[in-house]
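Novice: Input: one structure, supplied below.
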Amino acid sequence: MHAISITINLNTYIVDIFEKRVANLGPLGMYGAKGDGYFMFPKLEGEIGNKMMFRGKERLVWSLNNYLGLANHPEVRKADAEAARAWGLAYPMGARIMSGQTIYHEQLERELAAFVNKEDAFLLNFGYQGMISIIDSLLDRNDVAVYDSEAHACIIDGLRLHMGKRFVYPHNNIENLRKGLERAKKLTAISGGGILVITEGVYGMSGDLGKLKEILELKEEFNFRLLVDDAHGFGTMGATGAGTAEAQGVQDGVDVYFGTFAKAMAGIGAFVATRRDVVDYLRHNMRSQTYAKSLPVPMVIGSLKRLDLIRTQPQLKNELWTIVDTLQNGLKDNGLDIGNTESPVTPVFLNGGIPEAAQLTIDLRENYNIFCSIVTYPVVPKGVIMLRLIPTAVHTPGDVEYTIKAFADIKNNLASGKYSSGIFPDFSKL
Ligand SMILES: Cc1ncc(COP(=O)(O)O)c(C=O)c1O
C-alpha cells in the first residue's frame, strides 16, 4: 500500500493585513477620495489669523483654537524666534528622565502650577499621549474609573489600557454618575482599589461645561479623585484664565488638572498639575514621557512667554469674550441652534445627511468665503450637521456680523432644499 501525501500551503490562508485594511478605510477614510484636500486635510495658508488663504482665496477662518490670538502675537513670535536661534530645535536630546531636563522645563512647571493653584506640575510632550499615561499610571487593576460619555479620545484611549473596571455615565448626567459611583464603591470595597472620576472642563465639540461643582458634591460620599481635562478651558475660562474649575469656583476640588498648549497657548505640549508627591509619582511613571524625547527648549521658552501674556494681559481674554458673546447672541437671535455652550466653542446644529453637509460647506466656503469646521456622523448622531465656530480675540465685530448673516442664509437655503440633491459634491471640479 502506498501512503498518499497532501501538502497544504498554510500561507494561502493568512489574510494580508494591508489588503484587509485598504478594503475598509473606516468611517472617515471612506470619504477620503472625495473629501481629502477640502473637507479633510485642507491646507490653510498664510499667517495664522482671522483671515487665511484656502485654495488660493482669502477666507474668514473660524476653525482654529487660537482663542487669545497668541499664535501670531508679536511678542510670541519674537520669543519663539529668539529661542529657536539661541538653542536650535534639537535641545535637549533625550527624555526628561535621562538627559532631557533643563532649568526652563522646571521654570515653566513652577509657573504653571502657581497659575492653576496646584502644588506642582509636569510637562507633557503632547496632551494626547500625556493624558493616556496619566490615566494609565494613576490606575491599577483594582481601581475603578467613572467617566463622561463625551470624553475626548485621549481619555478613552487611556482607559483602554486600564485593566480594571470602568463605568461610563451619559454626558453630564449626575444621577447616572451617582449610580456608577455606587457600583464603583461596591467593587472597590472588595478589590481594595480607589475610584477616579474623569470629566472635561469645556467639552470641545459642544462647548458645554463639565458639571464640576455637582460632581464634587459627591466626593464626600464616594471618596474619589477627580481628573479634569481642561484643554479648551485653560486660558479662556475663569477670572484669571486658570480654567473651568476657577470659573465654577471649585479649583481646590480638582485633584488632577490637565491643560494643553495646543489651544489658548497656541503652541504644542501640555501639562498635568496636582499635589507635589503625586507629580513626583507621575513624572517617574508616565510611560509616554519616560520613553519619549523632551519638549524642545524653544517650545518651553515660547510657552513661558505665552503664559506671561495670559497672566499680564487680561484684555486678550476680554476681547475673546466680546467676540464670543456677540457671535453667540447674534446666532441665537437669528434662530440658529447653538446647543448648550457656555464657553467660546460655538456649535451650530442643523439637520441633514452627509451629502447635504458637504454641499452646504461648499456654499459657505466658496460663496461666503467662510471656513469653519464641519462635524457629521459618526461624531454627531445620523441626520445632524454640526458646524463648529471657534471665536478668537483676533476676530472683529465686522467678521461676526458678516458670519451671522451668512449662517442665517445657509439655514434658509437648507430649509428650502438647496443642498438636498443627495449627491456628494466633487470639489475638484470647483
Ligand atoms: C479635550 C482635549 N483633550 C486633549 C487634547 C489633546 O491635546 P494635544 O493636542 O496637546 O495632544 C485635545 C486636543 O484636541 C482636546 O480637545
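Novice: Pick out, from I410, I385, I423, the residue whose Cα sits farthest towards the positive end of the charge dipole of region 385-430, with +1 on the Cβ of Lys and Arg and -1 on the Cβ of Asp and Glu.
Specialist: I423
Novice: How large, in percent, is the carbon and sulfur part of the accessible surface of the chain at a probe radius of 1.4 Å? Present the calculation step by step, with values, prior to reporting the outcome.
Specialist: Details: 11290 of 20760 Å².
Ligands and nucleic acids excluded, carbon and sulfur give 54 percent.
Novice: Among the DSSP beta bridges whose two residues both lie in region 109-240, what percent are antiparallel, rounded to the nearest 5?
Specialist: Once the DSSP bridges in region 109-240 are tallied, antiparallel ones form about 5 percent.
Novice: Helix by helix, which DSSP H runs in the chain go 30 Å or more along their axis at the Cα atoms and have an average Kyte-Doolittle hydropathy of -1.0 or more?
Specialist: On the way: long enough: none.
Within the chain not a single helix satisfies the rule.
Novice: OK, next. What is the distance in Å between the Cα centroid of region 118-150 and that of region 56-82?
Specialist: Centre-to-centre distance over Cα atoms comes out at 30 Å.
Novice: Which one of L187, I362, G49 has its Cα pushed farthest toward the positive end of the charge dipole of the chain, where Lys and Arg give +1 and Asp and Glu give -1 at the Cβ?
Specialist: Most positive-ward Cα: I362.
Novice: Evaluate the relative contact order of region 1-140 (contact order divided by residue number), counting alpha-carbon pairs under 8 angstrom at least 6 apart; express in whole percent.
Specialist: Value for region 1-140: 7 percent.
Novice: Continuing with the same structure: Sort 396-403, 357-364 by packing, meaning the average of other beta carbons within 10 Å per residue, with the highest value first. Write out the running numbers ahead of the final one.
Specialist: On the way: 396-403: 16.1, 357-364: 22.1.
The densest-packed peptide leads the list: 357-364, 396-403.
Novice: Over region 25-103, consider all pairs of different Cα atoms and compute the Kirkwood hydrodynamic radius from their mean reciprocal separation; express it in Å, one decimal. Don't jump to the answer; show the numbers that get you there.
Specialist: Working: mean 1/r = 0.0618 Å⁻¹.
Here the Kirkwood hydrodynamic radius works out to 16.2 Å.
Novice: Which residue, Y368, Y67, Y31, has the most motion in a Gaussian network model of the chain that connects Cα atoms within less than 10 Å?
Specialist: Among Y368, Y67, Y31, the largest mean-square fluctuation in the Gaussian network model of the chain belongs to Y31.
Novice: Still on this model: Return the long-range amide H neighbours of V146 (sequence gap of 5 or more, or a different chain), with a cut-off of under 5 Å between placed amide H atoms.
Specialist: Here the answer is F167, L196, V197, I198, since their amide H atoms fall under 5 Å of that of V146.
Novice: I would also like to ask the following. Assign unit charges at the C-beta atoms only (+1 for Lys and Arg, -1 for Asp and Glu), then state the dipole size of region 97-163 relative to its Cα centre in Debye, rounded to the nearest 20.
Specialist: Working: 4 positive and 11 negative charges, 23 e Å.
In total the dipole reaches around 120 debye.
Novice: To one decimal place, what Kirkwood hydrodynamic radius in Å is obtained for region 265-324 from all pairs of distinct Cα atoms?
Specialist: Details: mean 1/r = 0.0715 Å⁻¹.
Hydrodynamic radius (Kirkwood, Cα pairs) of region 265-324 is 14.0 Å.
Novice: Sticking with this structure for a sec: So if I average 1/r over every pair of distinct C-alpha atoms in region 153-306 and take the inverse, what Kirkwood radius in Å does that give? Before the final figure, lay out the partial values.
Specialist: Values: mean 1/r = 0.0596 Å⁻¹.
After inverting the pairwise mean of 1/r, the radius is 16.8 Å.
Novice: Dipole of region 126-189, Cα-centred, from +1 at each Lys and Arg C-beta and -1 at each Asp and Glu C-beta, to the nearest 20 debye?
Specialist: Numbers: 9 positive and 8 negative charges, 68 e Å.
Once rounded to the nearest 20, the dipole reads 320 debye.
Novice: Any chance you could run the full-extension gain for E82 through K20? It's 0.36 nm times the residue separation minus the Cα-Cα distance, nm to one decimal.
Specialist: Gain in length upon complete extension: 17.5 nm.
Novice: What percentage of all Cα-Cα pairs in the chain are separated by more than 35 Å?
Specialist: Details: 33694 of 92235 pairs.
Above the 35 Å cut-off, the chain has 37 percent of its Cα pairs.
Novice: What shape does region 1-138 have by the C-alpha gyration tensor, where a ≥ b ≥ c are the square roots of the eigenvalues, rounded means a/c under 1.5, and otherwise prolate means a/b greater than b/c and oblate the rest? Provide the component values of the computation, followed by the final result.
Specialist: On the way: a/c = 2.93, a/b = 1.58, b/c = 1.86.
Oblate shape, in that a/c is at least 1.5 and b/c is the bigger or equal ratio.
Novice: Right, next: Pairs of Cα atoms under 8 Å, at least six residues apart: use those to get the relative contact order of region 66-132, whole percent.
Specialist: On the way: 24 pairs, mean separation 8.8, N = 67.
RCO, region 66-132: 13 percent.
Novice: Per residue of region 42-49, what does 6.51 cos²θ - 1.76 cosθ + 1.60 with θ = phi - 60° give for ³J(HN,Hα)? Whole Hz please, x for Gly and Pro, Karplus curve as stated.
Specialist: x, 9, 8, 10, x, 5, 5, x
Novice: Still on this structure, please answer the following. Non-local amide H neighbours of A264 (under 5 Å, H modeled in plane, Pro and chain starts lacking H): which ones?
Specialist: The answer is Y67.
Novice: Average projected area of the Cα convex hull of region 290-427, in nm²? Please report the intermediate quantities before stating the final value.
Specialist: Working: hull surface 47.2 nm².
Quarter of the Cα hull surface area: 11.8 nm².
Novice: With the Cα gyration tensor of region 105-241 giving a ≥ b ≥ c as the square roots of its eigenvalues, does the rule (a/c under 1.5 for rounded; else a/b larger than b/c for prolate; else oblate) give rounded, prolate or oblate? Before the final figure, lay out each step's value.
Specialist: Working: a/c = 1.70, a/b = 1.39, b/c = 1.22.
Note, shape of region 105-241 comes out prolate.
Novice: Using helices alone, I'd like the mean residue ellipticity at 222 nm for the chain: each DSSP H run of four-plus residues gives -39500 (n - 2.57), total over residue count, nearest 500. Working shown, then result.
Specialist: Working: 17 runs with 172 residues, N = 430.
Value at 222 nm, helices only: -12000 deg cm²/dmol.
Novice: Next question. Too long at a 28 Å Cα-Cα cut-off: which of K34/K317; K51/K263; K51/K118? Could the numbers behind the result be given before it?
Specialist: Working: K34/K317 39 Å; K51/K263 18 Å; K51/K118 38 Å.
Table pairs above 28 Å Cα-Cα are K34/K317; K51/K118.
Novice: A follow-up question, please. So with the 1.4 Å probe, I'd like the accessible area per residue for region 275-430, rounded to whole Å². Mind dumping the intermediate values first?
Specialist: Values: 6900 Å² over 156 residues.
Ligands and nucleic acids excluded, the result is 44 Å² per residue.
Novice: Could you give the size of the charge dipole of region 15-142 about its Cα centre, using +1 on the Cβ of each K and R and -1 on the Cβ of each D and E, expressed in debye and rounded to the nearest 20? Please report the intermediate quantities before stating the final value.
Specialist: Numbers: 15 positive and 16 negative charges, 121 e Å.
So the dipole magnitude of region 15-142 works out to roughly 580 debye.
Novice: Of T396, T341, N329, whose Cα points farthest to the positive end of the dipole of region 324-415 (charges on the beta-carbon: +1 Lys, Arg; -1 Asp, Glu; origin at the Cα centre)?
Specialist: Positive-most Cα among the choices belongs to T341.
Novice: Exceeding 26 Å between C-alpha atoms, which entries from my cross-link table qualify? They are K20/K293; K78/K405; K213/K293; K179/K211.
Specialist: Details: K20/K293 33 Å; K78/K405 37 Å; K213/K293 37 Å; K179/K211 16 Å.
K20/K293; K78/K405; K213/K293, as the Cα separations exceed 26 Å there.
The values are calculated or read from the model by the stated rules, or taken from the named source; none is laboratory data. As the structure is a prediction and not an experimental result, all values here were calculated from the model. Note that we place each Cβ from the backbone using ideal geometry, even for glycine, and neighbour counts take in every protein chain shown. Side chains are part of the model used for accessible areas, which takes the heavy atoms of the whole protein and leaves out ligands, DNA and RNA. Shrake-Rupley method; radii C 1.70, N 1.55, O 1.52, S 1.80 Å.
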